[in-house]
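Student: Quick one: this structure, given as structure tokens, is what I'll be asking you about.
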Amino acid sequence: MKRLAIHLISETEFHMKGQGVHTAYMDCADLLKNQSDVGVVVNGEGWGDVMHAHTYGPYYFWKGRRYKGRRILTAHVIPDSAKGSLPTYSLFMPLVRWYLRRVYSYATVCIAISPMVEDAIRGLGVKTRVIRVFNPIAREKFAPTAERRAEGRRLLHLDDDAFMVLGVGQLQGRKGVDEFLDIAQACPDLTFVWAGGRPFGPMAEGVVRLNRRIANAGRNVFFPGMFELDQMPLVYNAADAFLFPSYQENSPMAPIEAAAAGLPVIFRDIKEYAALYKCGYLKARNKAEFIALIRRLASDAAFRQEAMDITQRLLLQFDRKKIRAQLLALYNEVYDSRMQ
């Protein structure tokens, strides 16, 4: 069997690194590079046998011109991803749907990272083959240690005894930042930290509203901005609980990274997770339920351990070894069928 060279494409290398798509792309590159059975070419480094793209801009179409019949796209974005991400998104929705239909159709195979993504692709009437492969998680990168916790607390300027609730994501309405602020206001004795910024700059939803709310936030809530990927294990380890109040997700990286760091994770109760996760998870339907769960995590050690155990089981679904084998099988299948 030929040792294939996989050409990984992601425009996040050039801009907008502070988002989950970039993390997923970097994890994919690390996953492929950790063994010698496949070669890896990244962006402009050269050409390979099969193209695997994680983004869908002009660079994706330009690089794909040499890979007819050998284009693989991991679909991280669907039309609903625009809701609460861009201002007046409803005006742009017909254009978003038209463009993503072209993006998916350009690929030989689309990788859907969740059942909702698969349904969304098929719902656009795309004839491209769609398969489901989850995003892998490098558990050892985030594993909890006393050293990482201490360094993370120094990085965030936190007291040793502060119970810190962490949120991670872009500063936009879709991610539930407004509710994060409401919950922090209702729990003034706890510390809340949101790690993330605006990779889309002024195009992000709610810039004026959220800036005003952040400026007037209580003394127990902090917005330190975006961190480099190699700093995120420290940020997660500094926390005691992870709050993920997002209103729409496909297969989010942040809560799984938090789980790998040993944190109990509280999700919003939305249909995407019910379809995605094979195990149970801690969830809340509204602000009052979020507050009640956070209060209980902070005061009840036995419940916190139970919540940590529940969250840990989610990690089994994102095993790197299994996902790597799926990707290699797909690459070889696409390459072998290129002339048929």
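The values are calculated or read from the model by the stated rules, or taken from the named source; none is laboratory data. The structure displayed is predicted, hence computed values, not measured ones. All Cβ positions, glycine included, derive from the backbone under ideal geometry; neighbour counts span all protein chains shown.
Student: Sort out which residues of the stretch 257-292 are assigned to a helix (DSSP H, G or I) and over 16 Å from the mean Cα position of the chain (by Cα), and write them in order of number.
Tutor: Lys271, Ala274, Ala275, Lys287, Ala288, Glu289, Phe290, Ile291, Ala292
Student: Another question, if that's okay. Return a yes/no flag: does the stretch 113-120 have any residue that is crowded, with 20+ Cβ neighbours inside 10 Å and under 12 Å from Leu73 (Cβ atoms).
Tutor: Looking for residues that are crowded, with 20+ Cβ neighbours inside 10 Å and under 12 Å from Leu73 (Cβ atoms), one finds at least one in the stretch 113-120, hence yes.
Student: Considering each of Gly125, Gly167 in turn, give the residue that is under 22 Å from the mean Cα position of the chain (by Cα), small (Gly, Ala, Ser) and either in a strand (DSSP E or B) or surrounded by fewer than 20 Cβ atoms within 10 Å (Cβ to Cβ) (or both).
Tutor: Only one candidate qualifies: Gly167.
Student: Sort through Arg338, Arg324, Arg295 and tell me the only one that's basic (Lys, Arg), touching a residue at least 40 places away in the same chain (Cβ under 8 Å) and assigned to a loop (DSSP other than H, G, I, E, B).
Tutor: Matching residue, one of Arg338, Arg324, Arg295: Arg338.
Student: Looking at the stretch 177-195, which of its residues are farther than 18 Å from Pro224 by Cα and in contact with a Ser or Thr (Cβ under 9 Å, 6 or more places away or on another chain)?
Tutor: Within the stretch 177-195, no residue meets the criteria.
Student: Among the residues of the stretch 312-321 satisfying the criterion of being in a helix (DSSP H, G or I) and not polar (S, T, N, Q), which is surrounded by the most Cβ atoms within 10 Å (Cβ to Cβ)?
Tutor: Looking at the filtered set, the residue picked out is Leu314.
Student: Looking at (1) surrounded by 20 or more Cβ atoms within 10 Å (Cβ to Cβ); (2) outside the structural domain of Thr145 (by TED's automatic domain parsing), which one does Ala254 not meet, given that it meets all the others?
Tutor: Exception for Ala254: condition (2).
Student: If you don't mind, there's one more thing I want to ask. Given Ala259, Ala298, Ala292, which one is crowded, with 19+ Cβ neighbours inside 10 Å and closer than 22 Å to Asp161 by Cα? Spell out how you get there, then give the answer.
Tutor: Details: Ala298 fails: crowded, with 19+ Cβ neighbours inside 10 Å; Ala292 fails: crowded, with 19+ Cβ neighbours inside 10 Å.
On inspection, the qualifying residue turns out to be Ala259.
Student: Please determine whether any residue of the stretch 216-229 is assigned to a helix (DSSP H, G or I), surrounded by fewer than 24 Cβ atoms within 10 Å (Cβ to Cβ) and outside the structural domain of His22 (by TED's automatic domain parsing).
Tutor: Yes, some residue in the stretch 216-229 is assigned to a helix (DSSP H, G or I), surrounded by fewer than 24 Cβ atoms within 10 Å (Cβ to Cβ) and outside the structural domain of His22 (by TED's automatic domain parsing).
Student: Can you pull out the residues in the stretch 144-157 that are outside any helix (DSSP H, G or I) and over 29 Å from Val208 (Cβ atoms)?
Tutor: Correct list: Pro144, Thr145.
Student: Specify which of the listed residues (Arg198, Arg174, Arg139) is at pLDDT below 95, under 24 Å from the mean Cα position of the chain (by Cα) and surrounded by 22 or more Cβ atoms within 10 Å (Cβ to Cβ). Even if it seems obvious, please write down each step before you answer.
Tutor: On the way: Arg198 fails: surrounded by 22 or more Cβ atoms within 10 Å (Cβ to Cβ); Arg139 fails: surrounded by 22 or more Cβ atoms within 10 Å (Cβ to Cβ).
Testing whether each residue is at pLDDT below 95, under 24 Å from the mean Cα position of the chain (by Cα) and surrounded by 22 or more Cβ atoms within 10 Å (Cβ to Cβ) leaves just Arg174.
Student: Now for a different question. Please verify whether Asp80 is in a helix (DSSP H, G or I), in the same structural domain as Gly123 (by TED's automatic domain parsing) and modelled with pLDDT under 90, treating the condition exactly as stated.
Tutor: Yes; evaluated as a whole, the condition is true for this residue.
Student: Just to be sure I understand the filter: pairs with C-beta atoms under 9 Å, separated by 6 or more residues or on different chains, first member in the stretch 216-245 and touching a residue at least 24 places away in the same chain (Cβ under 8 Å), second member in a loop (DSSP other than H, G, I, E, B) and among the aromatic types (Phe, Trp, Tyr). Which pairs pass?
Tutor: Leu234/Phe227; Val235/Phe227; Asp240/Phe163; Ala241/Phe163
Student: Another question about this same structure. For the stretch 191-213, state whether one or more residues are assigned to a helix (DSSP H, G or I), touching a residue at least 12 places away in the same chain (Cβ under 8 Å) and under 20 Å from Val77 (Cβ atoms).
Tutor: Yes: one or more hits.
Student: Now, a different point. Quick one: how many residues across the stretch 298-320 are without any contact (Cβ under 8 Å) to a residue 12 or more places away in the chain and closer than 26 Å to Ser114 by Cα?
Tutor: Summing the residues that are without any contact (Cβ under 8 Å) to a residue 12 or more places away in the chain and closer than 26 Å to Ser114 by Cα in the stretch 298-320 gives 1.
Student: If you don't mind, another one. Would the stretch 102-110 turn up any residue that is surrounded by 18 or more Cβ atoms within 10 Å (Cβ to Cβ), modelled with pLDDT under 95 and either within 23 Å of the chain's Cα centre (by Cα) or in a strand (DSSP E or B) (or both)?
Tutor: No, the conditions are met nowhere in the stretch 102-110.
Student: Here's something else I'd like to know. Does Arg149 satisfy being among the basic types (Lys, Arg) and touching a Lys or Arg at 6+ places or on another chain (Cβ under 8 Å)?
Tutor: no
Student: As an exercise: evaluate Ala150 against (1) touching an Asp or Glu at 6+ places or on another chain (Cβ under 9 Å); (2) outside the structural domain of Ala301 (by TED's automatic domain parsing); (3) surrounded by fewer than 18 Cβ atoms within 10 Å (Cβ to Cβ) and give the number of the one condition it does not meet.
Tutor: (2)
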